[in-house]
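Participant: Shown below is the structure under consideration.
Derivation of every value follows stated rules applied to the coordinates shown; laboratory data play no part. Only a predicted model underlies this, so the values are computations on that prediction, with no experimental measurement involved. Note that we place each Cβ from the backbone using ideal geometry, even for glycine, and neighbour counts take in every protein chain shown.
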Amino acid sequence: MSTLKSHREKIRISDLHAFYGESHILHGIDLKVNQGELVTLLGRNGSGRSTTLRAIMSLVGRRTGSIVINGNETLGMPSHRIAHLGLGYCPEERGIFSSLNVEENLMLPPAVRSDGMSVEELYEMFPNLYERRYSQGTRLSGGEQQMLALARILRTGANILLLDEITEGLAPVIVQKLGEVLVRLKERGLTILLVEQNFRFAAPIADRHYVMEHGHIVEEVAAHELEAKTEMLNTYLGV
């Protein structure tokens, strides 16, 4: 997989509205993510960040607007076809199968592209998983479950990652490890859209941040602007 970055757009969202039943959750979202970028969605709980990821994967009730993935308009596509454009979605609840062991969980999803990481590469990236490869999903710690959820996506060949609150409730040493993994994935040219509450985790590794409030994007902040806009960000994030 090439480590060279280009400015080619991997995700472009325009005037996205999303609904759960009669509830109007997203109100005209506009954002883009280029190849090799790590971009965060910041905001308080209930601001619409997780719904944005679910809307990209067509997991909400109704969507209007435009979601272009790798140059393909996806608004009319079912979720499985969207995945085959190279998207991997890691939801907050992780979705580990408790009756399967680590390696069985890892091998379960079908490939969406041909250049996924091998099991050996994944065990090198996540040594804890190698040590626990025959352990059932229920016996894993929260951090190990999160590593497994991420590794499972990488094996499928997904090269656009939608990651929802991957550090929530995890020990600092695991959070640090996940940060190192995301930097390695960026270096491999993967594209990452990250919903994150832990701004201290996201700030050093992200290229850009979108700040959401009440289903709107209210600010876009580049990495080099962080220091100047810290007070504003703290206000939106309730820090």
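Participant: If exposed means no more than 16 neighbouring beta carbons inside 10 Å and the site is in a DSSP loop, what's the longest run of the chain without any exposed chymotrypsin sites (Phe, Trp or Tyr not before Pro)?
Facilitator: The longest such stretch corresponds to 135-239.
Participant: If you build a Gaussian network model of the chain, linking Cα atoms that sit under 10 Å apart, which residue out of Thr64, Thr52, Thr156 swings the most?
Facilitator: Answer for the Gaussian network model of the chain: Thr64.
Participant: With a sphere of radius 15 Å drawn around the Cβ of Phe19, what net charge do the other residues whose Cβ falls strictly inside it have (Lys, Arg +1; Asp, Glu -1)? Mind showing how you got there, number by number?
Facilitator: Details: positive: Arg54, Arg62, Arg63; negative: Asp15, Glu22.
Charge balance in the 15 Å sphere: +1.
Participant: Just add up the charged neighbours of Asn159: K/R +1, D/E -1, any other residue whose Cβ is under 11 Å from the Cβ of Asn159.
Facilitator: Values: positive: Lys10, Arg113, Arg188; negative: Asp115.
My count for the surroundings of Asn159 gives +2.
Participant: Which residue, Glu103, Glu225, Glu22, has the most motion in a Gaussian network model of the chain that connects Cα atoms within less than 10 Å?
Facilitator: Glu22
Participant: To continue, here is another question. Dipole magnitude of the chain about its Cα centre, charges +1 at Lys/Arg Cβ and -1 at Asp/Glu Cβ only, in debye to the nearest 20?
Facilitator: That gives the chain a dipole magnitude of about 460 debye.
Participant: Rounded to the nearest 5, what % of the DSSP beta bridges within the chain are antiparallel ones? Each step should come with its number before you reach the end.
Facilitator: Working: 25 of 42 bridges.
Bridges in the chain are about 60 percent antiparallel.
Participant: Which of Ile192, Asn159, Ile217 sits farthest toward the positive end of the charge dipole of the chain, with +1 on the Cβ of Lys and Arg and -1 on the Cβ of Asp and Glu?
Facilitator: Asn159
Participant: While we're here: Using the C-alpha atoms of segment 105-214, what convex hull volume per residue, in cubic angstrom, is computed? Let's see the in-between values first.
Facilitator: Working: hull volume 13.4 nm³, N = 110.
Measuring per residue, one finds 122 Å³ for the Cα hull of segment 105-214.
Participant: Based on DSSP H runs of at least 4 residues, each adding -39500 (n - 2.57), what is the mean residue ellipticity at 222 nm of the chain after dividing by all its residues, to the nearest 500 deg cm²/dmol?
Facilitator: -8000 deg cm²/dmol
Participant: Please compute the modelled spin-label separation between Ser79 and Ala171, points set 7 Å along Cα→Cβ, answer in nm with one decimal.
Facilitator: It is 3.2 nm.
Participant: May I ask for the percentage of alpha-carbon pairs in segment 24-164 that lie more than 25 Å from each other?
Facilitator: In whole percent, the long-distance tail amounts to 32.
Participant: Per q in 0.14 1/Å, what log10 I(q)/I(0) does a Debye calculation on the alpha-carbon atoms of the chain return?
Facilitator: Summing over Cα pairs of the chain leads to -0.91.
Participant: Translational diffusion coefficient, Stokes-Einstein: compute it for segment 11-78 using the Kirkwood radius over C-alpha pairs as Rh, at 10 °C and 1.306 mPa s, and state it as an integer in µm² s⁻¹.
Facilitator: 129 µm²/s
Participant: Kirkwood hydrodynamic radius, segment 196-239, all distinct C-alpha pairs: what's the number in Å?
Facilitator: One decimal place: 10.7 Å for the Kirkwood radius.
Participant: Between beta-carbons, use under 13 Å as the cut-off and find the net charge around Gln197, counting Lys and Arg +1, Asp and Glu -1.
Facilitator: Within the 13 Å Cβ shell, the charges total -2.
Participant: Label points 7 Å out from Cα along the Cβ direction at His24 and Leu226: separation in nm?
Facilitator: 3.5 nm
Participant: Can you tell me the relative contact order of segment 173-229? Whole percent, Cα pairs under 8 Å, sequence separation 6 or more.
Facilitator: Numbers: 34 pairs, mean separation 13.4, N = 57.
RCO, segment 173-229: 24 percent.
Participant: Something else: Counting only trypsin sites (Lys or Arg not before Pro) that sit in a DSSP loop (anything but H, G, I, E, B) with at most 16 other Cβ atoms within 10 Å, what is the longest stretch of the chain containing none of them?
Facilitator: Here the longest run is 45-112.
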